[in-house]
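A short write-up of the structure that comes next.
Please treat every number below as a calculation from the coordinates, not as lab data. Please read these numbers as outputs of a predicted model, since none were measured by experiment. Glycine gets a Cβ as well: all are built from the backbone with ideal geometry, and neighbour counts include every protein chain shown.
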Amino acid sequence: NLLEELSCRYGERRLIIGIERLDYTKGILEKLQAYELLLDENPELRGKVTLVSICVPAAREMTIYNELQTQIEQTIGHINGRFADVGWTPVQFYFRGFPFDEVVAWYAMADVMWITPLRDGLNLVAKEFVASQGNDPGVLVLSKFCGAADTMGDALIVNPYDVDGTAEATYTALRMPKSERHSRWAGLMRVVAGRTA
């Protein structure tokens, strides 16, 4: 069972998860900058939180994204070089796609789900994440430029260009009491089920 395997691998560590394809519009570099700021300003989180970034590659012939991939890898190397400790890698980066059942397991494990594109249409990942939550739901941090933000007001809505704001919202999400997380998740589930506009 993948969920059990992930639980064993990460134990008590909190997980922030981002899943997107490699694209300039997805705000991956801004997300990494926000995570570095989160660790910088909240040293008590070091060793206790991990960012899992799953980035689906562009088609091989799309060389326009090579520079972006290099920048992402360099930024991750920089963050891990600054903060890594014995037994803890701050950013775990997967540059590949996963089967959907594995993606659902990552959704279920997430304490915080980052969906923070710089511009985007309707984002189904937000609804998939919400639908995958169980008794101890995670918190959705959602870009205001994401189409889903119009209806998913129980997410923490951020401006992805505002790295400070994203880091602050993520810190709030990590500290949010279970009762509030559950209340927000219930509101989001009503949207996913089509019971509210």
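Could you tell me the relative contact order of region 1-121? Use alpha-carbon pairs under 8 Å, at least six residues apart, and round to a whole percent.
43
Charging the Cβ of each Asp and Glu at -1 and of each Lys and Arg at +1, and nothing else, the dipole of region 74-197 about its Cα centre rounds to 180 debye. At 7 Å along Cα-to-Cβ for each site, give me the label-to-label distance between PHE98 and LEU6 in nm. About 0.4 nm, to one decimal. Multiplying each eigenvalue of the alpha-carbon gyration tensor of region 108-197 by 5 and taking the square root yields semi-axes of 18, 17, 10 Å, largest first, rounded to whole angstroms. Take the Kirkwood radius over Cα pairs of region 42-121, plug it into Stokes-Einstein at 4 °C and 1.567 mPa s, and you get 88 µm²/s for translational diffusion.
Would you mind getting me the FRET efficiency between LEU29 and LEU124? Use the beta-carbon distance for r and R0 = 41 Å, nearest 0.05. The partial results should precede the final answer.
On the way: r = 23 Å, r/R0 = 0.56.
The computed FRET efficiency comes out at 0.95.
The trypsin sites (Lys or Arg not before Pro) found in region 28-71 that occupy coil by DSSP, while having at most 11 further C-beta atoms within 10 Å, are ARG60. Over all other residues within a Cβ to Cβ distance under 12 Å of LEU2, the charged ones net out to -3, with Lys and Arg as +1 and Asp and Glu as -1.
Quick check: the distance between the Cα centres of region 146-197 and region 22-54, to the nearest angstrom? Taking the Cα centre of each part, region 146-197 and region 22-54 sit 17 Å apart.
Loop-located chymotrypsin sites (Phe, Trp or Tyr not before Pro) across region 21-86 with a Cβ neighbour count of 14 or fewer within 10 Å are lacking, with loop assigned by DSSP. Take every Cα pair under 8 Å whose residues are at least 6 apart in sequence, average their separation, divide by the length of region 108-167, and the relative contact order is 37 percent.
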